[in-house]
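Enquirer: My structure is below; once you've seen it, I'll send some questions.
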Amino acid sequence: MSNRKILPGRPPRTRVLHPETSAITEGYDPEMSVMAARSPIYPVSTYCFHNAAEAKHYFDMALGRVEAPEGGVSSSELIYARLNNPNAEMFEHLMVPIERGAKGAVSFASGMSSIATCMLALLRPGDAILHTRPVYGGTAHLMDHMLEPFGITSRGVEAGSTESMQQEAERLGDSLAIIYIETPANPTLRMTDIHAAARLAKDLGRKRKIVVIVDNTFLGPVFQSPLERGADICLYSATKYIGGHSDLVAGVIVTRDLDLLERVRTVRSFFGTICEPFSAWLLQRSMATIYTRTIKQSKNASKIVDRIKDNPKIQAIHYPTLFHGDQARVYAEQCSAPGAMIAFEVKGGQKAAFRFLDALRIPKLAVSLGSVESLVTHPRTTVSSEMPPEEMDRCGITDGLIRYSTGVEYWRDLAADIEQALDRI
């Protein structure tokens, strides 16, 4: 499947395609299924072998007893759906040209399963994770609590502070195994310099490779390319901008290191955290419009911010086009657009924030993001509420903070709706 055939009568390609084209044309060969223009769904649990020798060979490859093809066991070596399925593979192949700098991808049943599987594949007792903060509440709970009984240490530093990251990394010494970055951070949108983190990992990796993982969920692959900035693994909750329609739950990692890819894929095979066929099929459908959707959403958000930034009911707006100093430098160097996530603080704390949220008429009050419909939430009492209050205070997750995920609706309607809701405070 990775060596996609040219249809009969079609001339061979003479140039590398732009990811915007690859999002529609890659990942599926019509010859795989009666020449259907789009891929079918394969709701299959087990796959047949031509003979006993072939079955032995496929298992030898799956278990690493013999060398597998580049990128791992492919669709021509299907065994069992817990290990692989055609739809997951098509989506994974499609992610590679979309994520600049990638050589392979592994899909998962959810964003959290992708994070947990990575951690279990790459960490051992005595290892340490250095992560930016804030991070998504589920990620923070996994690193700060669930991994601790396995003898794994977690340390957090302020997102955007390269100096703090370096100091903490030096204190952790040779135990440091992973630098985990969420940029922009959820929900404050604070950005971390990926290139600086990758350089630090290289400088300090004297006895072992320090793996740099970037959660790129908040911007998505269209506007930020962590692998080109030196990250080893780029990770997504594919539920968000990649899926984009609030109708699936999935995760995916992409990497430029095929050894890391196989380590993660092997753990996924045993745990069965693979993306199931229907969700993978939906993801492939969604990838065809990812550029159209996210560019529209980013433009909408930028226009809304320009219109509401001086509203007297708003205490502060956190959005890349309004950044100053080093945050503005990081945004300019590693992002091609500001994205569709807006974080703003209303005056009056939680009471005012709840009044504002209840007065909105267009967005759905929900905890996800990245969908075609606008979604809004109060992070301190929802997505970040697993964090201790003092940690939320330190990270800037205030009682008045609102997280607004901009959809593809008409931006003037969204802006007017925000303004009328602010008037209700």
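Enquirer: Within segment 227-238, track down each residue that is out of contact with any Lys or Arg (no Cβ under 6 Å at 6 or more places or on another chain), in contact (Cβ under 8 Å) with a residue 40 or more places away in the chain and farther than 14 Å from GLY111 by Cβ.
Expert: The answer is ARG229, ALA231.
Enquirer: May I pose another question? Might you let me know whether segment 332-343 holds any residue that is at pLDDT 95 or above, over 28 Å from GLU99 (Cα atoms) and not charged (D, E, K, R)?
Expert: Among the residues of segment 332-343, not one is at pLDDT 95 or above, over 28 Å from GLU99 (Cα atoms) and not charged (D, E, K, R), which makes the answer no.
Enquirer: Mind listing whichever residues of segment 326-379 are within 22 Å of ASN216 (Cβ to Cβ) and assigned to a helix (DSSP H, G or I)?
Expert: Scanning segment 326-379 gives ASP326, GLN327, ALA328, ARG329, VAL330, TYR331, ALA332, GLU333, GLN334, PRO379.
Enquirer: Identify, from the list LEU401, LEU414, LEU422, LEU365, the residue that is touching an Asp or Glu at 6+ places or on another chain (Cβ under 9 Å), modelled with pLDDT of 95 or more, hydrophobic (A, V, I, L, M, F, W, C) and surrounded by 21 or more Cβ atoms within 10 Å (Cβ to Cβ).
Expert: Unique residue meeting the criteria: LEU401.
Enquirer: On to the next question. What about TYR241, is it under 25 Å from ALA105 (Cβ atoms) and in a loop (DSSP other than H, G, I, E, B)?
Expert: yes
Enquirer: Could you grab the pairs with beta carbons closer than 6 Å, sequence gap of 6+ or different chains, first residue in segment 349-376 and under 21 Å from PRO338 (Cβ atoms), second one among the aromatic types (Phe, Trp, Tyr) and in a loop (DSSP other than H, G, I, E, B)?
Expert: GLY370/TYR241
Enquirer: Looking at (1) modelled with pLDDT under 95; (2) crowded, with 19+ Cβ neighbours inside 10 Å; (3) in a helix (DSSP H, G or I), which is the only condition GLY72 fails?
Expert: GLY72 satisfies every listed condition except (3).
Enquirer: Could you tell me which residue of segment 13-58 is modelled with the highest pLDDT, considering only residues that are part of a helix (DSSP H, G or I) and touching a Leu at 6+ places or on another chain (Cβ under 9 Å)?
Expert: TYR58
Enquirer: Here is a follow-up. Take SER384 and decide whether it is of a type in the set (S, T, N, Q), out of contact with any strand residue (DSSP E or B) (no Cβ under 6 Å at 6 or more places or on another chain) and either more than 30 Å from ILE290 (Cβ to Cβ) or not assigned by TED's automatic domain parsing to the domain that holds GLY251 (or both).
Expert: In short, yes.
Enquirer: Also: ASN311 fails exactly one of the following numbered conditions: (1) farther than 26 Å from ALA231 by Cβ; (2) within 19 Å of the chain's Cα centre (by Cα); (3) in a loop (DSSP other than H, G, I, E, B). What is the number of that condition?
Expert: (2)
Enquirer: Right, here's the next one. Does ARG263 fit the bill of being in a helix (DSSP H, G or I), more than 15 Å from the chain's Cα centre (by Cα), assigned by TED's automatic domain parsing to the domain that holds TYR136 and crowded, with 24+ Cβ neighbours inside 10 Å?
Expert: No: the conditions fail for ARG263.
Enquirer: Can TYR410 be described as among the hydroxyl-bearing types (Ser, Thr, Tyr) and within 28 Å of ALA197 (Cα to Cα)?
Expert: no
The values are calculated or read from the model by the stated rules, or taken from the named source; none is laboratory data. Here the structure is a predicted model, which is why all the values come from computation and not from measurement. Heads up, the Cβs are rebuilt from the backbone with ideal geometry, glycines too, and the neighbour counts pull from every protein chain shown.
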